[in-house]
Amino acid sequence: MTETRIQPMQLVNQSIQEKADLFEYFYDQPGSLPGTLRVKTDAQPPEIVLIDYNEETATRIVLETPEECALYLDTESVSWVDVLGLGSEEILLRLGKVFNLHLLVLEDIVNVPQRPKVEDYDDHLVIITQMVMPKEKADGFYSEQVSFILGKHYLLTVQEEPQRDCFKPVRDRIRTAKGMIRKNNADYLAYALLDAIIDGFFPVLETYGERIEELEEEVVSNPTHQTLNKIYQLRRELLALRRAIWPQRDAINTLIRDGSHLISEEVRIYLRDCYDHAVQVMDMVETYRELSSGLMDVYMSSISNKMNEIMKLLTVISSIFIPLTFVAGIYGMNFNTEKSPWNMPELNWYLGYPLCLAFMGAIALGLVIFFWKRGWFENFSTIKKNNRFG
């Protein structure tokens, strides 16, 4: 694939503040005007990347102005306009004029995050999605909104951040002409990108499966307050994943069920496979949520067992010292032996003191042996691993 650069825009050299693991859908302030765009102060200026291709050739171009996109909208080739960043209201408004977008559509694109959905207009189809990617050096995941504007011969995608996405396999297929993507229209490109977004959930879920296994071992072996915090954070992150995939599954189902003149019957068949993947992701998320809820129950049981072990140890120690205290209390009464031969004659024995200590030691040792044979010194809260399966 050849590459031509037309005065590329200068990206601002500043780090993007990481998004929170949990997102809330954007909502307008009460009384605000419809179509109000709210650009985040830390958002980077948009970079417009055009990939124009057909079955024979493919060209990648970095555009300087949004108006240059108009030259590629009505060509017979497929034009993928990828906008990276939401940091300029002016550029986004100019893009809206070039692609004939309603102001409310621009509002859904800019004011992120929106609930995933599908809206059908006369000459284009609007698809709002949520893309997730695992963090490299920390727990959790990145999430960002990706907006699709599908036309007859073009596809406009708008991403929040230019640093990361899951579209590299699709770009490589276009560049190397692998598969069917260069032989099909823009609707197949939209399907390929949607499928990449849905498949991007699986690496994230794989990390959560590993975290749940680690937490299971920690909960049954050494539960602490940090363990409780980890379980709570895990449940919150899984809830965020559920909120991302649930409406996205419904949006794909809308594309299949309602259809559109911009999506061919062949691509609708491929969308069924994409829908199946979304359902599989949804099932995994629900399974992990149930496991995390079970971890909370196991944690409470482990803490209760740990407290029972402490109380059992204290009871055993008290049980050993009760008869010793009884013996020491009797001989601490010091009745006068001169008044009666029944008044504790042991006080006058030559070996009375060492015999009393020996007797008390025998009682203590006998109780320890008795408790050991009854199994009271075993740790019932420790669950032994079964290595039968490797």
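The values are calculated or read from the model by the stated rules, or taken from the named source; none is laboratory data. All figures in this text were calculated on a predicted structure; none of them were measured in a lab. Cβ placement follows ideal geometry from the backbone for every residue including glycine, while neighbour counts extend to all protein chains displayed.
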Residues in segment 202-219: is at least one among the charged types (D, E, K, R), modelled with pLDDT of 90 or more and closer than 30 Å to ASP120 by Cβ? no
For LEU255, are the conditions met, namely being at pLDDT below 95, within 30 Å of ASP120 (Cβ to Cβ) and part of a helix (DSSP H, G or I)? yes
Please determine, by comparing only the residues of segment 115-135 that are among the basic types (Lys, Arg) and under 22 Å from HIS102 (Cβ atoms), which one is surrounded by the fewest Cβ atoms within 10 Å (Cβ to Cβ). LYS117
Kindly check whether there is at least one residue in segment 167-180 that is part of a loop (DSSP other than H, G, I, E, B), closer than 30 Å to ASP42 by Cα and out of contact with any strand residue (DSSP E or B) (no Cβ under 6 Å at 6 or more places or on another chain). yes
Does LEU37 meet the test of being buried (at least 20 other Cβ atoms within 10 Å of the Cβ), assigned by TED's automatic domain parsing to the domain that holds GLN159 and over 25 Å from ASN185 (Cβ atoms)? no
Restricting the first residue to segment 349-364 and requiring it to be under 10 Å from TYR331 (Cβ atoms), which pairs with a second residue that is aromatic (Phe, Trp, Tyr) meet a Cβ separation below 7 Å and a spacing of at least six or different chains? CYS356/TYR331
Report the residue count in segment 89-101 for those that are in contact (Cβ under 8 Å) with a residue 24 or more places away in the chain and either closer than 21 Å to ALA190 by Cβ or crowded, with 19+ Cβ neighbours inside 10 Å (or both). 7
Complete set of residues in segment 360-379 that are surrounded by 12 or more Cβ atoms within 10 Å (Cβ to Cβ) and either in contact with a helix residue (DSSP H, G or I) (Cβ under 7 Å, 6 or more places away or on another chain) or assigned to a loop (DSSP other than H, G, I, E, B) (or both): MET360, ILE363, ALA364, LEU367, VAL368, PHE371, TRP376, PHE377
Residue identified as hydroxyl-bearing (Ser, Thr, Tyr), surrounded by 13 or more Cβ atoms within 10 Å (Cβ to Cβ) and in a loop (DSSP other than H, G, I, E, B) among SER302, SER260: SER260
Within segment 40-58, residues outside any loop (DSSP other than H, G, I, E, B) and under 14 Å from ASN185 (Cα atoms) come out as ILE51, ASP52, TYR53, ALA58
Note on ILE245: of the conditions (1) of a type in the set (A, V, I, L, M); (2) loosely packed, with under 14 Cβ neighbours inside 10 Å; (3) within 22 Å of GLY200 (Cα to Cα), unmet is (2)
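Can you tell me how many residues in segment 90-104 are in a helix (DSSP H, G or I) and within 21 Å of GLU68 (Cβ to Cβ)?
Counting residues in segment 90-104 that are in a helix (DSSP H, G or I) and within 21 Å of GLU68 (Cβ to Cβ) gives 9.
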I'd like to check something: does segment 76-86 contain any residue that is under 16 Å from ALA43 (Cβ atoms) and assigned to a loop (DSSP other than H, G, I, E, B)? yes
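Let's see how each residue does on (1) within 30 Å of ALA177 (Cβ to Cβ); (2) among the small types (Gly, Ala, Ser); (3) crowded, with 16+ Cβ neighbours inside 10 Å:
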site	(1), (2), (3)
LEU103	no, no, no
LEU106	no, no, yes
PRO113	no, no, yes
LYS137	no, no, no
GLY140	no, yes, yes
In segment 68-83, what residues are aliphatic (A, V, I, L, M) and surrounded by fewer than 20 Cβ atoms within 10 Å (Cβ to Cβ)? ALA70, LEU71, LEU73
Taking segment 327-347 as the region of interest, how many residues are surrounded by 10 or more Cβ atoms within 10 Å (Cβ to Cβ) and not aliphatic (A, V, I, L, M)? 7
Cβ pairs under 6 Å, 6+ apart, first in segment 51-79 and free of Cβ contacts under 8 Å to residues at least 12 places away in the same chain, second among the acidic types (Asp, Glu) and buried (at least 20 other Cβ atoms within 10 Å of the Cβ): none
For LYS117, indicate whether it is at pLDDT 90 or above, charged (D, E, K, R) and either in the same structural domain as ILE61 (by TED's automatic domain parsing) or within 23 Å of THR254 (Cβ to Cβ) (or both). yes
Criterion violated by THR65 - all others in (1) more than 21 Å from PHE26 (Cα to Cα); (2) buried (at least 16 other Cβ atoms within 10 Å of the Cβ); (3) modelled with pLDDT of 90 or more; (4) of a type outside the set (D, E, K, R) satisfied: (2)
Given the structure, is ARG268 basic (Lys, Arg), under 28 Å from PRO113 (Cα atoms) and either touching a Ser or Thr at 6+ places or on another chain (Cβ under 7 Å) or touching a residue at least 12 places away in the same chain (Cβ under 8 Å) (or both)? yes
